[in-house]
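Below is one structure; the comments refer to it alone.
Rule-based calculations on the coordinates, nothing more; no lab input. Keep in mind the model is a prediction, meaning the values are calculated, not measured. Because the Cβ atoms are built from the backbone with ideal geometry, glycine has one as well, and the counts that use them run over all protein chains shown.
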Amino acid sequence: MEHLGTMRLETPRLILRQFVLSDLEMMYWNCWQHKSVTRWTSYAPMDCLADVQNNAKMFTEKWLNYDNPKRYSWAIEEKATGQVIGRMFGMHPDDQIQQVELAYELGPDWWNRGLMTEAVQAILAFFFEQVGLNRVFAYHAAENPASGRVMQKCGMVYEGTLRRAGKCNHGIIDVVCYSMLASEYKNKAAE
């Protein structure tokens, strides 16, 4: 296993890349201004652009620092428009188990187009083929099944539902866990 940090990745319709300060406005207006997105996160309130940096502590100098090879935080850029439409991130990398937690957000104007599935597939390939992870897992709120459908479409396996085990801006929630093992990824890739 070798941590490589947030490397630029491309899919047919997307560029996954490091964030830069100039992405702040697009990310806010396309994604974070929508309560339909932030209700499933635990970010501090972001009711204006300044709140992104002041309350949520994102797009600060520290947040934009990609020097740590264990930091995985991608801007999702739509190739056709150049718009930053969402975010992918790998959280809590665990070298002993060789795993990472995957999380993602996408602006509602881009929902139901298969874009997040495309992005997750690229990230899974990166984590298994290039970083050499053994396991990638993700949670979603039981009340947000669309996020789980992305996990299913990417071949992640349902592991269970943890009752009242998570908290987000929507409140205390049941969390549904999916994962993929390196062996499952290789079998799927061989199909």
Subject >> Total charge dipole magnitude, the stretch 37-149, about the Cα centre, Cβ charges on Lys, Arg, Asp, Glu only, Debye to nearest 20 >> reply: 100
Original post:
By how many nm would the segment from H170 to W63 grow when fully extended, if each residue of separation counts as 0.36 nm and the alpha-carbon distance is taken off?
Top reply: 36.1 nm
Original post:
Mind listing the phi-derived Karplus ³J(HN,Hα) values for the stretch 160-170, rounded to whole Hz, using 6.51, -1.76 and 1.60 with θ = phi - 60°, and x for any glycine or proline?
Top reply: x, 10, 9, 6, 6, 9, x, 9, 9, 5, 7
Original post:
What ranking do 145-151, 119-125 get when scored by the average of other Cβ atoms within 10 Å per residue, highest first?
Top reply: 119-125, 145-151
Original post:
Taking θ as phi - 60°, what are the ³J(HN,Hα) couplings along the stretch 9-20 by the Karplus curve (6.51, -1.76, 1.60), each to the nearest whole Hz, with x for Gly and Pro?
Top reply: 10, 10, 10, x, 10, 9, 10, 10, 8, 5, 6, 10
Original post:
Kirkwood Rh over Cα pairs of the chain into Stokes-Einstein at 20 °C, 1.002 mPa s: D in µm²/s?
Top reply: 126
Subject >> Relative contact order of the chain, pairs being alpha-carbon contacts under 8 Å that are 6 or more residues apart, as % >> reply: 21
**OP:** Would you work out which of V20, W40, A190 lies farthest towards the positive end of the dipole of the chain, given +1 charges on the beta-carbon of Lys and Arg and -1 on that of Asp and Glu, about the Cα centre?
**Re:** W40
Subject >> All-pairs alpha carbon distance profile, the stretch 1-75, 10 Å steps from 0, percent >> reply: 18, 45, 33, 5, 0
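Mean residue ellipticity at 222 nm from the helices of the chain, using -39,500 (n - 2.57) per DSSP H segment of n ≥ 4 over the full residue count, to the nearest 500 deg cm²/dmol? Mind showing how you got there, number by number?
Details: 6 runs with 43 residues, N = 191.
Taken over the chain, the calculation gives -5500 deg cm²/dmol.
If the limit is 25 Å between Cα atoms, which of K35/K188; K153/K186; K79/K153; K35/K167; K62/K186; K167/K188 go over it?
Working: K35/K188 35 Å; K153/K186 16 Å; K79/K153 22 Å; K35/K167 16 Å; K62/K186 36 Å; K167/K188 33 Å.
Over 25 Å Cα-Cα: K35/K188; K62/K186; K167/K188.
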Original post:
Taking H as built 1.01 Å from N, whose amide H comes closer than 5 Å to the amide H of Q18, not counting residues under 5 places away?
Top reply: A75
